[in-house]
Amino acid sequence: MSTVDFCGLTLAHPIVNGSGTFDAIAARRAFGDALLERFPFAAFVSKTVTLAPREGNPPPRLWELPGGLINSIGLPNKGLGGYLAHDLPQLAELPVPLVVNVMGFTREEVARLVEAFDAREEVAALELNVSCPNVETGLVMGADPAETAGLLEHVRPLTRKPLIVKLTPNASDPPAVAAAAQEAGADAVSLINTLKGMALDPRTREPWLGGRTGGVSGAAVRAIALAQVHAVAERVTIPIVGMGGVQRGRDARDLLDAGATLVAVGTESFREPLAGARIAAELARLRQQPERDRAPATARP
């Protein structure tokens, strides 16, 4: 498979991971340095980093669905200081570019994170998680085009590294948010993030998850992801990282054909840690097939 240019980064193939769905540090402890030789992604997107440490939501945190998962992890992390001291040195040893996902509850918090990572040469790009409410306005930064543009205008001057805006699927008009991000200086957008869902305890009939609601991911959201990626691709010219329910090379090809430049694998990595490498290989084989030999979409099981 030929290399992919993404925001000035040269990647070996178009498959990356979704933020928070693959723990590269834990995987290296389990598989040793063999992981570096068989790393499943062309770039690594870190879990979300916040200024202060977060413990995350109380357990239970996962509920398995017939077509995926509901997670209520709650973005646990060591905070900026802990990440720089403990995680970054280990992630810098990965054989692929490192993209750091950051989140803040105000523009100033996001700015401090962007400035801190701009100073680190180990970091190739930043992904802005805009799915949280701005405590100053009460609006979810990624659900309102004006909020998204305001955030980008605030942080864009602080770094020359590529800025990727991770869009929420819960916005009323994701393409409008994507267009606002592009106009304000975003280098790329990524979508979709998880959809809000709930599960009930079969005995108590109360919410099962410790955080009451969580994010739905996996095959159940694949058609929604495809529709939103296609709609966003019609509004923006910057690269798109498409994700949502990718289990096979055919799923990745669908998102690429809908307008994505890269495809992120998330939930499938929980079931199969090296799924990214398998999907990249399947995609490469599909792209080598003559068009007449490819099964039509209606024939998919």
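Bridging of K78 to lysines at a Cα separation below 24 Å is possible for K47, K161, K166, once same-chain residues fewer than 8 apart are set aside. For the pair region 201-278 / region 77-113, the C-alpha centres are spaced 23 Å from each other. Between A284, A30, A233, the Gaussian network model of the chain with springs among Cα atoms under 10 angstrom shows the greatest mean-square fluctuation at A30.
Taking each DSSP H run with n ≥ 4 as -39500 (n - 2.57) and averaging over every residue of the chain yields -8500 deg cm²/dmol at 222 nm.
So between R54 and R287, what do we pick up on full extension, going 0.36 nm a residue minus the alpha carbon distance?
79.6 nm
Comparing S19, S269, S172 in a Gaussian network model of the chain, where Cα atoms under 10 Å apart are tied by springs, the biggest mean-square fluctuation is seen for S172.
What GluC sites (Glu not before Pro) does region 62-148 have in DSSP loop regions with at most 15 other beta carbons within 10 Å? It would help to have the intermediate numbers written out before the result.
On the way: sites: E64, E93, E108, E109, E115, E121, E122, E127, E136, E147; in loops: E93, E121, E122, E136.
In loop regions of region 62-148 (DSSP not H, G, I, E or B), the sparsely surrounded GluC sites (Glu not before Pro) are E93, E121, E122, E136.
Computed over the alpha-carbon pairs of the chain, the distance histogram in 20 Å steps reads 34, 60, 6 percent, short to long. Placing +1 on the Cβ of every Lys and Arg and -1 on the Cβ of every Asp and Glu, with no other charges, gives the chain a dipole of roughly 800 debye about its Cα centre. Seen from G74, the other residues with C-beta closer than 13 Å to its C-beta sum to a net charge of +3, counting Lys and Arg as +1 and Asp and Glu as -1. Ranking N71, G104, T50 by how far each Cα lies toward the positive end of the dipole of region 1-121 (charges on Cβ) leaves N71 at the top.
Rg over Rh for region 1-113 works out to 0.99, both radii taken from alpha-carbon positions and Rh defined as the Kirkwood radius.
Going from the alpha-carbon gyration tensor of region 227-285, what semi-axes, largest first and in whole Å, does one get by taking the root of 5 times each eigenvalue?
They are 22, 11, 8 Å, listed from largest to smallest.
Bear in mind these aren't lab numbers, they're just calculated from the coordinates by the rules spelled out. Owing to the predicted nature of the structure, the values given are computational and were not obtained by experimental measurement. We place every Cβ from the backbone using ideal geometry, glycine too, and count neighbours over all the protein chains shown.
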